[in-house]
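A.B. asks: Handing you a structure now.
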Amino acid sequence: MSAIPYTIAALVLTGAACTASLATSRAEKPSEALVCALELSENQRQVTITASARAAQPLRGTYQLEIDQRSANGRSTIRQGGEFDLKSGEKATLGEARFSGRADEFEAELTIKANGQTKTCRSTTL
């Protein structure tokens, strides 16, 4: 089985990820202060979920990544969090987790707080 990438842009669903931004507009624009994204890939029953952020200007904040896996064997949850410091135009990986399983067994949520605002990227079904 080949690697299958899944991506969702701010308003366009093309698989199984999520992008959101800390701005009044929902469409991703270069002028937005911060854009968060969840990306998922599956390769030979190994699933990787990556949380990332990109800043249009220098920005500091915190993030919380929560991933739930539900399968016939039960349920597991992983939580990762911490601080980030991004330079203007920089994109950085905030957290990453790898699991055995299938992509449809996962739900993920990434919450980013910066400049007094909170933004959440959420996927109910990856």
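The values are calculated or read from the model by the stated rules, or taken from the named source; none is laboratory data. None of the values given here were measured: they were computed from a predicted structure. Positions of Cβ are backbone-derived with ideal geometry, glycine not excepted, and every protein chain shown enters the neighbour counts.
A.B. asks: Just to verify a result, which residue in the range 105-124, among those that are assigned to a strand (DSSP E or B) and touching a Phe, Trp or Tyr at 6+ places or on another chain (Cβ under 9 Å), is farthest from Thr62 (Cα to Cα)?
C.D. replies: Filtering the range 105-124 for residues that are assigned to a strand (DSSP E or B) and touching a Phe, Trp or Tyr at 6+ places or on another chain (Cβ under 9 Å), the one farthest from Thr62 (Cα to Cα) comes out as Phe106.
A.B. asks: Something else: Return the residues of the range 29-59 that are assigned to a strand (DSSP E or B), polar (S, T, N, Q) and either at pLDDT below 90 or closer than 17 Å to Ala92 by Cβ (or both); say none if nothing qualifies.
C.D. replies: Ser41, Thr48, Thr50, Ser52 - these are the residues of the range 29-59 that are assigned to a strand (DSSP E or B), polar (S, T, N, Q) and either at pLDDT below 90 or closer than 17 Å to Ala92 by Cβ (or both).
A.B. asks: Which one of Thr7, Thr19, Thr14, Thr62 is modelled with pLDDT of 90 or more, of a type in the set (Ser, Thr, Tyr) and within 25 Å of Phe106 (Cα to Cα)?
C.D. replies: Result: Thr62 is the single residue among Thr7, Thr19, Thr14, Thr62 that is modelled with pLDDT of 90 or more, of a type in the set (Ser, Thr, Tyr) and within 25 Å of Phe106 (Cα to Cα).
A.B. asks: Separate question: Filter the range 48-96 for residues that are among the hydrophobic types (A, V, I, L, M, F, W, C) and buried (at least 19 other Cβ atoms within 10 Å of the Cβ) and give the result.
C.D. replies: As a first pass, look at the range 48-96 and keep what is among the hydrophobic types (A, V, I, L, M, F, W, C): 49, 51, 53, 55-56, 59, 65, 67, 72, 78, 84, 86, 92, 94.
Hits for the range 48-96 are Ile49, Ala51, Ala53, Ala55, Ala56, Leu59, Leu65, Ile67, Phe84, Leu86, Leu94.
A.B. asks: Any residue that is in contact (Cβ under 8 Å) with a residue 24 or more places away in the chain and either touching a Pro at 6+ places or on another chain (Cβ under 8 Å) or more than 20 Å from Arg122 (Cα to Cα) (or both) - is there at least one of those in the range 59-75?
C.D. replies: Yes, that holds for at least one residue.
A.B. asks: Right, next: Of everything in the range 97-126 that's farther than 15 Å from Asp68 by Cα and not hydrophobic (A, V, I, L, M, F, W, C), which residue is surrounded by the most Cβ atoms within 10 Å (Cβ to Cβ)?
C.D. replies: If we take residues in the range 97-126 being farther than 15 Å from Asp68 by Cα and not hydrophobic (A, V, I, L, M, F, W, C), then Lys119 is surrounded by the most Cβ atoms within 10 Å (Cβ to Cβ).
A.B. asks: Is it fair to say Ser71 is more than 14 Å from Ala51 (Cα to Cα) and modelled with pLDDT of 90 or more?
C.D. replies: For Ser71, the condition - more than 14 Å from Ala51 (Cα to Cα) and modelled with pLDDT of 90 or more - is not met.
A.B. asks: Could you tell me whether any residue of the range 70-93 is touching a Phe, Trp or Tyr at 6+ places or on another chain (Cβ under 6 Å), assigned to a strand (DSSP E or B) and of a type in the set (A, V, I, L, M)?
C.D. replies: No.
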